[in-house]
Every structure is written in structure tokens, then in C-alpha cells.
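Just below is one structure, and these are the notes that go with it.
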Amino acid sequence: MNESTRQSTLNPRLVLVVLFVLFLAPVLVAIVMNSRWVEWQPEPTKNYGELITPVVAVPAGLRELLPADQWILLAAFPECSAKCTRDIDHFERIDRALGRHGESLAPVLVLDAATPTDLPAHVEVIADGGVWRAFLAELNHESGSVVLIDPLGNLMMSFPRDFDASAMKDDLERLIKYSRFEAS
């Protein structure tokens with residue numbers, strides 16, 4: 001055997017020690033991170049919307065007016081003013097930004113007055129807004145605030161009147177992505 005081939009071969013013991021250290025290192029790091037000597041906690045996530053607790057089921061009479069087996073983003077107004085138009089625009093942008101997850105979300109606009117004619121096709125309009133607004137007022141939600149209803153018919157989350165569409169999209173994306181609900 002010549003000298004050049006002898007230098008290129010690695011010691012089998014050295015290879016075994018290196019592999020042992022490589023596989024043992026993550027285990028040691030995990031043990032140290034969970035020990036009493038290191039006080040590190042991951043950053044908690046913060047939702048933009050406010051979780052509605054305790055769970056409030058939408059009454060059956062109102063639930064029949066909504067699309068079935070979908071997450072529902074609902075805003076109730078006495079009439080479609082500038083804020084209503086802005087919310088419709090934000091709903092449309094959120095729907096596009098959610099991509100494939102947007103199929104699980106149904107934006108619903110509840111109005112007392114006549115329905116505007118320039119609505120996007122995916123926004124559903126319910127004309128009997130007084131009943132909805134009364135139901136939401138019982139729960140201390142002001143007119144024009146946005147609520148999220150889960151596919152089982154429970155009020156789940158509320159958003160402020162002047163919501164941030166980007167933060168709302170992040171909440172909705174997280175909820176829809178990780179929910180285990182499948183339409184029947």
C-alpha cells in the first residue's frame with residue numbers, strides 16, 4: 001500500500017465517535033433547554049381578534065340564513081355606508097390573500113336597507129339585519145363590528161370596527177389551516 005492511500009483513509013473509531021457526537025448533540029441540547037438552569041420560553045402567538053368565551057351558539061333561526069359548513073366572516077350594518085364598502089373591499093382582499101384556504105371562508109354582509117348592486121359575487125348579503133344586530137348587541141358587539149362564526153355555528157372571534165385586514169387575514173389563515181373541520 002502506498003503512503004497516499006494510507007493518509008486518505010479515516011480511522012473507523014474516529015468516524016464512530018463523530019457520528020455518536022452528531023446524534024447525541026440534539027438530545028443534550030434538548031435536555032439542557034428543559035432543565036432548571038436555562039429559563040427560555042418560546043414567544044407566544046398573539047391573535048388580533050378577540051376570542052369569544054364562553055362559546056355562544058348562533059340561534060337556529062339565524063343559522064339557517066347562513067351558508068352551511070363554512071367559516072363565516074359576518075359584518076352587520078343598518079345600511080351600506082362608506083365603512084360597509086371598505087369592509088367589503090377588505091373581505092375581497094382577504095379572500096384572495098387566503099388562496100386555497102379562502103374556499104372555506106364565506107363573507108356575509110347583514111343589512112337592514114336595500115342591497116348594494118356593486119357587490120362582489122362571493123359576498124353573500126342577508127337583508128334582515130335588525131335581528132342579527134339585536135343578537136350581536138346582546139353580546140356587546142357594536143354595529144359594524146366583524147365576527148367569525150365557525151362551521152358548527154358558534155361565534156368564535158370578534159374583530160374591532162376598524163380592523164386591520166392584514167392582521168385579520170393572519171388569524172383567519174391560522175384558524176382555517178389548523179382546523180380539522182371537513183365539509184360533509
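Name every residue in segment 140-170 that is more than 16 Å from residue 72 (Cβ to Cβ) and at pLDDT 85 or above, in order of residue number. Across segment 140-170, the qualifying residues are 164, 165, 166, 167, 170. All of (1) of a type in the set (D, E, K, R); (2) closer than 30 Å to residue 126 by Cα; (3) open to solvent by 70 Å² or more (accessible area, probe 1.4 Å) hold for residue 46 with one exception: (2). Determine whether residue 184 is open to solvent by less than 50 Å² (accessible area, probe 1.4 Å), at pLDDT below 85 and of a type in the set (Ser, Thr, Tyr). So residue 184 does not fit the description; no. Among the residues of segment 58-108, the ones that are farther than 21 Å from residue 127 by Cα and hydrophobic (A, V, I, L, M, F, W, C) come to 3 in all. Give the residues of segment 28-60 that are among the polar types (S, T, N, Q) and closer than 18 Å to residue 153 by Cβ, sorted by residue number. Passing the criteria: only 53. Cβ separations smaller than 9 Å between residues 6+ apart or across chains give the following pairs from segment 49-69 residues that are within 17 Å of residue 146 (Cα to Cα) to residues that are open to solvent by less than 100 Å² (accessible area, probe 1.4 Å) and of a type in the set (Lys, Arg): 57/63. Whether any residue in segment 22-42 is at pLDDT 80 or above and touching a helix residue (DSSP H, G or I) at 6+ places or on another chain (Cβ under 7 Å) is what I want to check. Looking for residues that are at pLDDT 80 or above and touching a helix residue (DSSP H, G or I) at 6+ places or on another chain (Cβ under 7 Å), one finds at least one in segment 22-42, hence yes. Looking at segment 71-139, the strands (runs of 3 or more DSSP E) lying wholly inside it that each contain 2 or more residues that are among the small types (Gly, Ala, Ser) and either modelled with pLDDT under 75 or surrounded by 13 or more Cβ atoms within 10 Å (Cβ to Cβ) (or both) sit at 71-77.
The values are calculated or read from the model by the stated rules, or taken from the named source; none is laboratory data. Source: prediction; values computed, not measured. Methodologically, a virtual Cβ is constructed for each residue, glycine included, from the backbone with ideal geometry; neighbour enumeration extends over all protein chains shown. For the accessible areas, the whole protein counts, side chains as well, though only heavy atoms, and no ligand, DNA or RNA atoms are used. Shrake-Rupley method; radii C 1.70, N 1.55, O 1.52, S 1.80 Å.
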